[in-house]
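Comments concern the structure below.
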Amino acid sequence: MIQLGPLVIASDRLLALALIMAFLFGFDRIAARFGLQARTGGLALAGGIVAARLAYVLAHYDAFAQDWASVLAIWEGGFSGPAGFLGAAAIIAWRVRHRVALLRSLAMLGALAALWFAGSSLLSPAPRPMPDLPQMVHLEGRPFDPSALEGQPYVMNLWATWCPPCRRELPMLAQEAARTDVPILLVSQGEDAGTVQAYLERQGISGEAVLLDDASGLSLVVGSTALPTTVFVDARGRIVETQFGQLSRAALADGLARIMD
């Protein structure tokens with residue numbers, strides 16, 4: 001995660017943006033050298049993005065089938081890298097007839113693909129122990145007992161009623177919390193019970209999985225400086241994955257699969 005003032009950008013998305021810019025610049029140079037149509041680079045990029053998104057949607061069909069409009073929510077992430085590079089390569093092979101230009105274009109694309117997979121691996125943090133949890137309470141004021149989580153995987157979502165992306169993902173998270181065997185805890189940060197309860201009632205959202213952390217202690221414990229933040233913890237008590245920003249149903253399914261392995 002990279003934070004620029006109030007703007008928080010996931011490192012993998014920044015890497016993807018950098019590689020996209022490198023591709024467009026590189027293909028523009030190849031097009032100028034061999035007299036190719038410059039728009040072929042843009043077409044290859046578009047084809048790659050569409051292929052990457054469609055492959056991801058098909059791989060997570062059950063999640064997207066519950067809300068087909070979310071297919072268009074590409075800002076939430078959710079792309080298949082291999083499908084994207086193959087889609088871009090197919091467009092280049094279709095549009096570029098000059099043999100040397102084709103080989104150089106595909107070689108450049110292959111190099112960028114290698115950088116993507118290597119960079120993604122390096123940017124994925126190793127699992128680390130979940131620190132001791134701060135004091136938290138249920139909506140009705142009953143203290144939360146952290147020992148109830150020992151020996152099982154669980155998810156903690158840090159949110160607040162004033163946070164727009166938190167409000168967008170909260171109904172989905174509450175639904176999944178009610179029907180999955182893995183505990184999904186929705187931990188309000190820095191707000192009192194009255195504020196949280198009133199918001200949940202207005203929105204018709206169950207508070208069964210909601211916990212209150214009025215001192216925002218969990219944010220300090222997991223190192224979160226932005227909301228929403230979702231932490232996936234495996235049965236060994238290790239933070240396996242941390243996602244910043246609005247979470248899609250498909251991304252939640254991916255995270256759950258990782259901690260249940």
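The values are calculated or read from the model by the stated rules, or taken from the named source; none is laboratory data. None of these values were measured; they are calculated from a predicted model. Backbone-built Cβ (ideal geometry, glycine too); neighbour counts: all protein chains shown.
Of all the residues in the stretch 133-158, those that are closer than 20 Å to F244 by Cα and not in a loop (DSSP other than H, G, I, E, B) number 5.
Just so you know, in the stretch 145-180 the residues that are modelled with pLDDT under 95 and of a type in the set (S, T, Y) include one that is nearest to A253 (Cα to Cα), and it is T180.
Residues of the stretch 126-153 that are out of contact with any strand residue (DSSP E or B) (no Cβ under 9 Å at 6 or more places or on another chain) and charged (D, E, K, R): D132, E140, R142, D145, E150.
Here are some residues: G78, G141. Which one is in contact with a Lys or Arg (Cβ under 8 Å, 6 or more places away or on another chain), at positive phi and in contact (Cβ under 8 Å) with a residue 12 or more places away in the chain?
Numbers: G141 fails: in contact with a Lys or Arg (Cβ under 8 Å, 6 or more places away or on another chain).
So the residue among G78, G141 that is in contact with a Lys or Arg (Cβ under 8 Å, 6 or more places away or on another chain), at positive phi and in contact (Cβ under 8 Å) with a residue 12 or more places away in the chain is G78.
When the residues of the stretch 7-27 are filtered to those that are small (G, A, S) and under 25 Å from the mean Cα position of the chain (by Cα), the one that is surrounded by the most Cβ atoms within 10 Å (Cβ to Cβ) is A16.
When the residues of the stretch 204-233 are narrowed to those that are more than 22 Å from M172 (Cβ to Cβ) and either touching a residue at least 60 places away in the same chain (Cβ under 8 Å) or not assigned by TED's automatic domain parsing to the domain that holds R167 (or both), which ends up nearest to the chain's Cα centre (by Cα)? Outline the logic, then answer.
Pass one, the stretch 204-233, residues more than 22 Å from M172 (Cβ to Cβ): 214-217, 220-221, 223, 225.
Then keep just the ones that are either touching a residue at least 60 places away in the same chain (Cβ under 8 Å) or not assigned by TED's automatic domain parsing to the domain that holds R167 (or both); that gives 215, 217, 220-221, 225.
Details: A215: 26, G217: 23, L220: 21, V221: 21, T225: 16 Å.
Looking at residues that are more than 22 Å from M172 (Cβ to Cβ) and either touching a residue at least 60 places away in the same chain (Cβ under 8 Å) or not assigned by TED's automatic domain parsing to the domain that holds R167 (or both), I get T225.
Just to be sure, is E169 part of a helix (DSSP H, G or I) and in contact (Cβ under 8 Å) with a residue 60 or more places away in the chain? It is true that E169 is part of a helix (DSSP H, G or I) and in contact (Cβ under 8 Å) with a residue 60 or more places away in the chain. Answer with yes or no whether E191 is surrounded by fewer than 16 Cβ atoms within 10 Å (Cβ to Cβ), touching a helix residue (DSSP H, G or I) at 6+ places or on another chain (Cβ under 9 Å) and either aliphatic (A, V, I, L, M) or closer than 24 Å to D132 by Cα (or both). It is false that E191 is surrounded by fewer than 16 Cβ atoms within 10 Å (Cβ to Cβ), touching a helix residue (DSSP H, G or I) at 6+ places or on another chain (Cβ under 9 Å) and either aliphatic (A, V, I, L, M) or closer than 24 Å to D132 by Cα (or both).
Total residues in the stretch 218-261 satisfying the condition of being more than 17 Å from Y154 (Cβ to Cβ) and of a type outside the set (S, T, N, Q): the figure is 8.
Scan the stretch 68-83 and tell me whether some residue there is more than 25 Å from V231 (Cα to Cα) and modelled with pLDDT of 95 or more. Yes, the stretch 68-83 contains a residue that is more than 25 Å from V231 (Cα to Cα) and modelled with pLDDT of 95 or more.
Name the one entry in L54, L103, L43 that is modelled with pLDDT of 95 or more and touching a Lys or Arg at 6+ places or on another chain (Cβ under 8 Å). First the steps, then the outcome.
Working: L54 fails: touching a Lys or Arg at 6+ places or on another chain (Cβ under 8 Å); L103 fails: touching a Lys or Arg at 6+ places or on another chain (Cβ under 8 Å).
None of the others qualify; the one that does is L43.
Of the candidates V182, V196, V240, V231, the single residue that is crowded, with 16+ Cβ neighbours inside 10 Å and in a helix (DSSP H, G or I) is V196. Inclusion of E201 among residues that are more than 26 Å from the chain's Cα centre (by Cα) and in a helix (DSSP H, G or I) is warranted.
E169 meets each of the listed conditions (1) within 17 Å of L256 (Cβ to Cβ); (2) surrounded by fewer than 18 Cβ atoms within 10 Å (Cβ to Cβ) apart from (2).
Out of curiosity, is A253 of a type in the set (A, V, I, L, M), closer than 26 Å to A63 by Cβ, surrounded by fewer than 18 Cβ atoms within 10 Å (Cβ to Cβ) and in contact with a strand residue (DSSP E or B) (Cβ under 9 Å, 6 or more places away or on another chain)?
Details: of a type in the set (A, V, I, L, M): yes; closer than 26 Å to A63 by Cβ: yes; surrounded by fewer than 18 Cβ atoms within 10 Å (Cβ to Cβ): yes; in contact with a strand residue (DSSP E or B) (Cβ under 9 Å, 6 or more places away or on another chain): no.
Judged against the criteria, A253 is not a match.
Are any residues in the stretch 194-236 touching a helix residue (DSSP H, G or I) at 6+ places or on another chain (Cβ under 6 Å), hydrophobic (A, V, I, L, M, F, W, C) and modelled with pLDDT under 95, and if so, which ones? If the condition is that a residue be touching a helix residue (DSSP H, G or I) at 6+ places or on another chain (Cβ under 6 Å), hydrophobic (A, V, I, L, M, F, W, C) and modelled with pLDDT under 95, then L227 is the only one that fits.
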